[in-house]
1. Here are 82, 46: which of them is closer than 18 Å to residue 4 by Cβ and without any contact (Cβ under 8 Å) to a residue 12 or more places away in the chain?
2. Which condition does residue 76 not pass, out of (1) at pLDDT 85 or above; (2) open to solvent by 60 Å² or more (accessible area, probe 1.4 Å); (3) in a helix (DSSP H, G or I), if it passes all the others?
3. So which of 39, 29 is on the phi < 0 side of the Ramachandran plot and surrounded by 14 or more Cβ atoms within 10 Å (Cβ to Cβ)?
4. Can you tell which of 42, 23, 6 is modelled with pLDDT under 85 and not in a helix (DSSP H, G or I)?
5. How about the range 49-79: which of its residues are farther than 21 Å from residue 7 by Cα and touching a helix residue (DSSP H, G or I) at 6+ places or on another chain (Cβ under 6 Å)?
6. Can you name the condition, by its number, that residue 15 falls short on among (1) at pLDDT 80 or above; (2) outside any loop (DSSP other than H, G, I, E, B); (3) surrounded by fewer than 13 Cβ atoms within 10 Å (Cβ to Cβ)?
7. Go through the range 49-69 and count every residue that is under 25 Å from residue 36 (Cα atoms) and either open to solvent by less than 70 Å² (accessible area, probe 1.4 Å) or part of a loop (DSSP other than H, G, I, E, B) (or both).
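The values are calculated or read from the model by the stated rules, or taken from the named source; none is laboratory data. All values derive from a computational prediction rather than experimental measurement. Cβ coordinates were reconstructed from backbone atoms using ideal geometry, including for glycine residues, and neighbour counts include every protein chain displayed. Heavy atoms of the whole protein, side chains included, go into the accessibility calculation; ligands, DNA and RNA do not. Shrake-Rupley method; radii C 1.70, N 1.55, O 1.52, S 1.80 Å.
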Amino acid sequence: MQPPLEDIIAKAIKDSDKSFFNEDYAKQARAVMAALRKAGYEVAPVKPPPGLVEWAKENIPFGRLRPAELITQMYSMMVENVRRFDK
């Protein structure tokens with residue numbers, strides 16, 4: 001299982017910071033994550049968590065959708081909900 005993204009970002013900030021002061025890297029990582037979300041981005045694993053796949057199967061949009069519309073809706077729905085299942 002991967003470490004939380006905030007821990008990964010915090011470690012990257014810490015490893016790249018050569019100052020002599022102790023910084024709150026977790027706080028900086030949370031700020032990065034918040035900025036990404038505010039900009040409309042969500043960081044998600046390459047492979048969906050099993051719980052998300054099951055949830056998405058149960059929440060497939062019904063109706064007559066063109067393939068591109070179905071894929072767009074499914075992609076958005078899964079990315080928006082990945083944090084619920086990526087634990």
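1. 46
2. Condition (2) is where residue 76 drops out.
3. Going through 39, 29 in turn, the sole match is 29.
4. 23
5. Of everything in the range 49-79, those that are farther than 21 Å from residue 7 by Cα and touching a helix residue (DSSP H, G or I) at 6+ places or on another chain (Cβ under 6 Å) turn out to be 51, 52, 56, 61, 78.
6. So residue 15 meets the others, but not (1).
7. Total meeting the criteria: 6.
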